[in-house]
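Okay, so here's the structure we're looking at.
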Amino acid sequence: MPYPIERKLVVGVSSNALFDLQAEDGIFRHQGLEEYKRHQIENRNVVLKKGVAFPFIRRFLNINRIFPDKKPVEVVILSKNSPETGLRIFNSIREYELDISRAAFTSGRSPFEYIPAYNISLFLSTDETDVKKAIEKSYPAGRILKTNIHDDENDPELRLAFDFDGVLVDDSSEQFYQECGDLNEYFKHEKEFSDKPLEAGLLLEFLQKVSFFQKLENKALQENPQYRKVLRTAIITARNAPAHERAVNTLTHWGVDVDEMFFLGGIEKRRILEILKPHLFIDDQISHLDKSLNDIPLVHVPFGFINREKKQ
């Protein structure tokens, strides 16, 4: 029997992230709400183009095909569309054969308040204001940047990449470094507290649940060497030795396994990203999200000390 939504790993996604609605947004900005509604209703059977989050969402939903008896993951649409203009969203979902049945259409109001109602562990939106409001409520949200993405349908693997501090864990170590401004003092601090796990960040629960599915996949591979895994996770962090030890110990404390972990120590993250080609890369520092990267959906989590400082 499929899991109830309380037990599922749920991703919320805005309609603007799942589909390309730039033309429709232009109609709304330049011609107004009524013209936008008319356009959406008249074109309700015209399939929308894929948006920047589409490749991730499609592969994420494939987890249900691996575990068809439980269907342990779900995607929920959180949209500012009205219910009648939202018909086009669901018609496009049907045409792309995406297993999405739940949605919130809020007729212009920010939908982020419904993140806990749907048990969402990650909310992806192109709307910076919505994401910041969600973060202020300590909801797990990220702004997915509008970049050029190609969905390779011959590639079934889902690759997820995360920054560490400020994303998976809190930013207390980052704050210590920013305040002391001395790399040696930072290394000394992290070495001293290497056995003390960092507190959970906003996206840790999401990775914990993904890690659980990876463990099930590893078991399937042991039982059947022909099994082809579909999940691959990576952490790409500016940490390096000796600060690496606290990061590894923290992951062990929280029961999280990842396939790959890169300690860069100042090397540009794009060097790894261009090889790994993840379907999401999530970081709390906008400076690490280079929009010139091709075919890599970039997600900014505006959490913590650094993002608060930039607002001032």
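Points worth noting:
- Among the residues making up the stretch 156-184, those that are of a type in the set (D, E, K, R) and either at pLDDT 95 or above or surrounded by 13 or more Cβ atoms within 10 Å (Cβ to Cβ) (or both) are Glu157, Arg159, Asp163, Asp165, Asp170, Asp171, Glu174.
- The residue that is modelled with the lowest pLDDT, among those in the stretch 131-150 that are charged (D, E, K, R) and surrounded by fewer than 22 Cβ atoms within 10 Å (Cβ to Cβ), is Lys146.
- The residue pairs whose first member lies in the stretch 246-268 and is part of a loop (DSSP other than H, G, I, E, B), whose second member is of a type in the set (Val, Ile, Thr), and whose beta carbons are closer than 6 Å, counting only pairs six or more residues apart or on different chains, are Val258/Thr233; Val258/Ile235; Asp259/Thr233.
- Filter result (among the aliphatic types (A, V, I, L, M) and not in a loop (DSSP other than H, G, I, E, B)) within the stretch 103-130: Ala103, Ala104, Ala117, Ile120, Leu122, Leu124
- Of all the listed residues (Ile306, Ile275), the sole one being without any contact (Cβ under 8 Å) to a residue 12 or more places away in the chain, in the same structural domain as Val210 (by TED's automatic domain parsing), over 15 Å from Thr237 (Cα atoms) and of a type in the set (A, V, I, L, M, F, W, C) is Ile275.
- Some residue of the stretch 205-213 being under 14 Å from the mean Cα position of the chain (by Cα), assigned to a loop (DSSP other than H, G, I, E, B) and within 25 Å of Ile272 (Cα to Cα): no
- Residues that are among the aliphatic types (A, V, I, L, M) and under 23 Å from Glu157 (Cα atoms) within the stretch 276-302 comprise Leu276, Leu280, Ile282, Leu289, Leu293, Ile296, Leu298, Val299, listed in sequence order.
- Residues of the stretch 155-197 satisfying the condition of being closer than 20 Å to Ala141 by Cα, part of a loop (DSSP other than H, G, I, E, B) and not small (Gly, Ala, Ser): Asp163, Phe164, Val167, Leu168, Asp170, Asp171
- Residues within the stretch 37-72 that are farther than 21 Å from Asp130 by Cα and either under 17 Å from the mean Cα position of the chain (by Cα) or not in a loop (DSSP other than H, G, I, E, B) (or both), tallied: 18
- The lone criterion from (1) under 22 Å from the mean Cα position of the chain (by Cα); (2) at pLDDT below 95; (3) farther than 26 Å from Lys188 by Cα; (4) part of a helix (DSSP H, G or I) left unmet by Phe305 is number (3).
The values are calculated or read from the model by the stated rules, or taken from the named source; none is laboratory data. Values in this document were obtained by computation on a predicted structure and should not be read as measured data. Here Cβ is always computed from backbone atoms with ideal geometry, including for glycine, and neighbour counts include all displayed protein chains.
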